[in-house]
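Enquirer: The following block contains the structure, expressed as structure tokens.
The values are calculated or read from the model by the stated rules, or taken from the named source; none is laboratory data. None of these values were measured; they are calculated from a predicted model. No Cβ is skipped: glycine too gets one built from the backbone with ideal geometry, and neighbour counts run over all protein chains shown.
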Amino acid sequence: MAGVPGLRDTSAGAGPDAPLRRLTARGRGESHRVASPLELFFDLCFVVAVAQAGAELVHAVAEGHAGEGILNYAMVFFAIWWAWMNFTWFASAYDNDDVLYRVVTLLQIAGVLVLAAGISRAFEDHDFLVVWLGYLIMRLPMAAQWLRAARAADGAERTTTLRYAGGVLLCMVGWAGLVVLPEPARPWVFLVMALVELAVPVYAEKSFTTSWHPHHISERYGLFTIIVLGEAIAAATVAVKSAVQENDALADLLPIAAGGLLIVFSAWWIYFAVPIHGLLRTNRQAFLWGYGHYLIFASAAAIGAGLEVAVEQAVGKAHISAQAASAAVTVPTALFLVTVWALHSRYFKVGVVDQLVLPAAASLVLVCTFLGDRAVLAAGLVSALAVAVGVILGARAVAGERRAGDTESSGRAE
């Protein structure tokens, strides 16, 4: 399209100025495949919904309704994460960046903003109508994208794209149960429909694997992790600022602020310690890795919410104990450490000691829950210590490999 930068010609017969192109599969071996500006904008808008979910979780936990708040958070966050993930994998395989593709993607962004607007009602009144409408606005365009891909496909690939489209549409009918069924049935509706949603890609790709790009996928997940961690820092910063202005409690808040920063900094370091794209070779590996990120994203966002709860408890605004406020930080931190270890780090660890660093750190972080006002600071120090130990063990392993290589080389020379 003339005057619109970044449009790519991905089909035969489509000139460089064509506003519409066939939505054909991209090559899995493309070089220099990186996230597009549209994808970055997509992520940024989705974080608005993440922030809303986190804010409502803070309110629920601070008011002593942790169980109910966590359940609502899990349900809303699933909708956010699943819509994001479906778009991400589709874009990795079929993004042709033409005008229609961009318009449909912007429509999905509008859907997440509608969903975000309904999060408060979902938490406070158990009214999921607006959340469902926002999810519908996100998912219908996704089904349309799959149908558009089906028009340009044939054989097994066409079957896969039609399965995806049909699965998305059928799931939206099932999700209506959150709106029309009685409140006690809604958690069961969520559980069943979440399992059905997770099964759609597995069923759709039984006979044909879409051409997602491993490096592109790992970058997209990494960028969203950064954005979620950044939202955690922003939320905690706002909480500390307001608490200092209203209560002049800087001495009580400094340990929480310091510990929170150490936790978030350590979370970033641990997640990006090793490149993961080389391990994403098959659908089985990719499904496990991609699905597991629900826990990584949700726990990372919950860390920020937990820091807000800890701040509110420190200044007397939260109606919970110091131990409960500490758990709001330590539990998601421990979950993040264990999940990153399970999905990433364990594949690069050598030896029992190296493998146990993150699981042991997660256990110690949970123990920090019982340290009262210094729990968050202690959890931050444990997280930072895990990073330091990992760096030292990694350096020793590299040095050992070099020595072994030098010995082998000298042996050959002799």
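Enquirer: Output the residue which, of all residues in region 306-333 that are farther than 15 Å from Ser242 by Cβ and small (Gly, Ala, Ser), is nearest to the chain's Cα centre (by Cα).
Expert: Of everything passing the filter in region 306-333, Gly306 is nearest to the chain's Cα centre (by Cα).
Enquirer: Return the residue satisfying two criteria in turn: it lies in region 237-260 and is of a type in the set (A, V, I, L, M) and farther than 14 Å from Leu377 by Cα, and of such residues it is modelled with the lowest pLDDT.
Expert: Ala249
Enquirer: For the list (1) outside the structural domain of Asn72 (by TED's automatic domain parsing); (2) loosely packed, with under 13 Cβ neighbours inside 10 Å, I need the number of the one condition that Pro182 fails.
Expert: So Pro182 meets the others, but not (1).
Enquirer: Moving on to the next point. Inspect region 16-24 for any residue being modelled with pLDDT of 90 or more, touching a Lys or Arg at 6+ places or on another chain (Cβ under 7 Å) and not basic (Lys, Arg) and give the result as yes or no.
Expert: no
Enquirer: Within region 327-335, identify whether any single residue is in contact with a Pro (Cβ under 8 Å, 6 or more places away or on another chain) and not acidic (Asp, Glu), and answer yes or no.
Expert: Checked region 327-335: no residue is in contact with a Pro (Cβ under 8 Å, 6 or more places away or on another chain) and not acidic (Asp, Glu).
Enquirer: Which residue, of Tyr203, Tyr221, is modelled with pLDDT of 90 or more and touching a Lys or Arg at 6+ places or on another chain (Cβ under 8 Å)?
Expert: Every option except Tyr203 fails the conditions.
Enquirer: Oh, and also: Looking only at region 222-252, count every residue that is part of a helix (DSSP H, G or I) and surrounded by fewer than 21 Cβ atoms within 10 Å (Cβ to Cβ) and tell me the total.
Expert: Looking only at that region, the number is 20.
Enquirer: Only one residue in Trp188, Trp212 is in a helix (DSSP H, G or I), out of contact with any strand residue (DSSP E or B) (no Cβ under 6 Å at 6 or more places or on another chain) and at negative phi, so which one is that?
Expert: Trp188
Enquirer: Next question, about the same structure. Among (1) over 24 Å from Val202 (Cβ atoms); (2) without any contact (Cβ under 8 Å) to a residue 60 or more places away in the chain; (3) part of a helix (DSSP H, G or I), where does Cys171 come up short?
Expert: Every listed condition holds for Cys171 apart from (1).
Enquirer: If you check every pair at least six apart or on different chains, which have Cβ atoms under 8 Å apart with a residue in region 262-277 that is more than 16 Å from Gly394 (Cβ to Cβ) first and a residue that is surrounded by fewer than 16 Cβ atoms within 10 Å (Cβ to Cβ) second?
Expert: So the pair list comes out as Trp268/Ile226.
Enquirer: Here's another thing I want to ask about it. Any residue that is surrounded by 12 or more Cβ atoms within 10 Å (Cβ to Cβ), touching an Asp or Glu at 6+ places or on another chain (Cβ under 9 Å), of a type outside the set (Gly, Ala, Ser) and at pLDDT 80 or above - is there at least one of those in region 350-361?
Expert: no
Here's the yes/no breakdown for (1) outside any loop (DSSP other than H, G, I, E, B); (2) under 28 Å from Ser207 (Cβ atoms):
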site: Asn96; (1), (2): no, yes
site: Leu107; (1), (2): yes, no
site: Leu113; (1), (2): yes, no
site: Ile119; (1), (2): yes, no
site: Val131; (1), (2): yes, no
site: Met138; (1), (2): yes, yes
site: Ala144; (1), (2): yes, yes
site: Leu162; (1), (2): yes, yes
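Enquirer: Here are some conditions: (1) closer than 30 Å to Ala153 by Cα; (2) of a type in the set (Gly, Ala, Ser); (3) surrounded by fewer than 18 Cβ atoms within 10 Å (Cβ to Cβ). Ala204 meets all but one. Which one does it not meet?
Expert: Tallying (1) closer than 30 Å to Ala153 by Cα; (2) of a type in the set (Gly, Ala, Ser); (3) surrounded by fewer than 18 Cβ atoms within 10 Å (Cβ to Cβ), Ala204 fails exactly one: (3).
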